[in-house]
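**Q** Quick one: the structure is below, and I'll ask about it shortly.
The values are calculated or read from the model by the stated rules, or taken from the named source; none is laboratory data. Here the structure is a predicted model, which means the values were calculated and not measured. Ideal geometry is used to build each Cβ from the backbone, glycine not excepted, and the neighbour counts take in all protein chains shown.
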Amino acid sequence: MVRHLITGRIRWLVAASLVASACQGAGSAAAPRGSTLDSGASQTSAPASNPLVGRWLQTYSCEQSVETFKRMVLALKPAQMEGARKQHLGDTREEVYLNNVRSDAAWGPNANHATSLSADALCRDAPDRKRLWEIDDGTMVAFALPSQQPEFATISYQLVDDHAFDASDGNENIDGTYSFTFRIQGDRMTVRQIAQNGKLGEADPWTGRGFEEAPLIRSAG
């Protein structure tokens, strides 16, 4: 929600990105200390003041990835488009989508040969993907399933109130801090990235997509 979520190109964006590659070199990465994926580790119970803490399973489709990417690209702000042009990603929002959707958001087996760039064409016969978010009080890590390899760098976050948090990764790949709003109903959580102007749906298509592709479902195990 995972090759398509993060690319080095997010550095040109005006605001910070949320996610970044956590793998160092060609070797496999071990689950971070304290992870419940690590054998013998115990699950952290959520303090009453932090509803985010826990294990959250996210299942998302290629179609969801493509549609979310398209929506966020078409909402890029002028300063972000200037960065896109400098990186030769496209001169217009439509070009950015056309030039990058195959490599950054779609994983259908025939995506590279599709004559149409619709989600149906790019995602035909593409399996769903899953990630497990391990959220402690102040940090979060996403693991690709079934490999259990970390997808992104460890993210530090701080609750702003009972429906928003700020996130960063110590400037490893995120230039500063980005803000998110969240809503929890029962065991289901939806997260949306907040643009600098405070509006939803006008943020970075290479970063917020990781949360926005699909809801997160609290996992008991």
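**Q** Would you check if there is a residue in the range 123-142 being aliphatic (A, V, I, L, M), modelled with pLDDT of 95 or more and touching a Cys at 6+ places or on another chain (Cβ under 7 Å)?
**A** Taking every residue of the range 123-142 in turn, at least one turns out to be aliphatic (A, V, I, L, M), modelled with pLDDT of 95 or more and touching a Cys at 6+ places or on another chain (Cβ under 7 Å).
Yes or no, residue by residue, for (1) surrounded by fewer than 21 Cβ atoms within 10 Å (Cβ to Cβ); (2) in a helix (DSSP H, G or I); (3) in contact with a strand residue (DSSP E or B) (Cβ under 8 Å, 6 or more places away or on another chain):
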| residue | (1), (2), (3) |
| --- | --- |
| Gln64 | yes, yes, no |
| Phe69 | no, yes, no |
| Ala75 | yes, no, no |
| Ala79 | yes, yes, no |
| Ala84 | no, yes, no |
| Gly90 | yes, no, no |
| Asn99 | yes, yes, no |
| Ser116 | yes, no, no |
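**Q** A further question on this structure: Tally the residues that are in a strand (DSSP E or B), under 17 Å from Ala75 (Cβ atoms) and modelled with pLDDT of 75 or more, restricting the search to the range 192-221.
**A** Of the residues in the range 192-221, the ones in a strand (DSSP E or B) are 192-194, 200, 216-219.
With the extra rule that they be under 17 Å from Ala75 (Cβ atoms), the set shrinks to 192-194, 200.
From the residues that got through so far, the ones that are modelled with pLDDT of 75 or more too are 192-194.
Looking only at that region, the number is 3.
**Q** Just a yes or no: is a residue in the range 39-54 surrounded by 17 or more Cβ atoms within 10 Å (Cβ to Cβ), modelled with pLDDT of 90 or more and not in a loop (DSSP other than H, G, I, E, B)?
**A** yes
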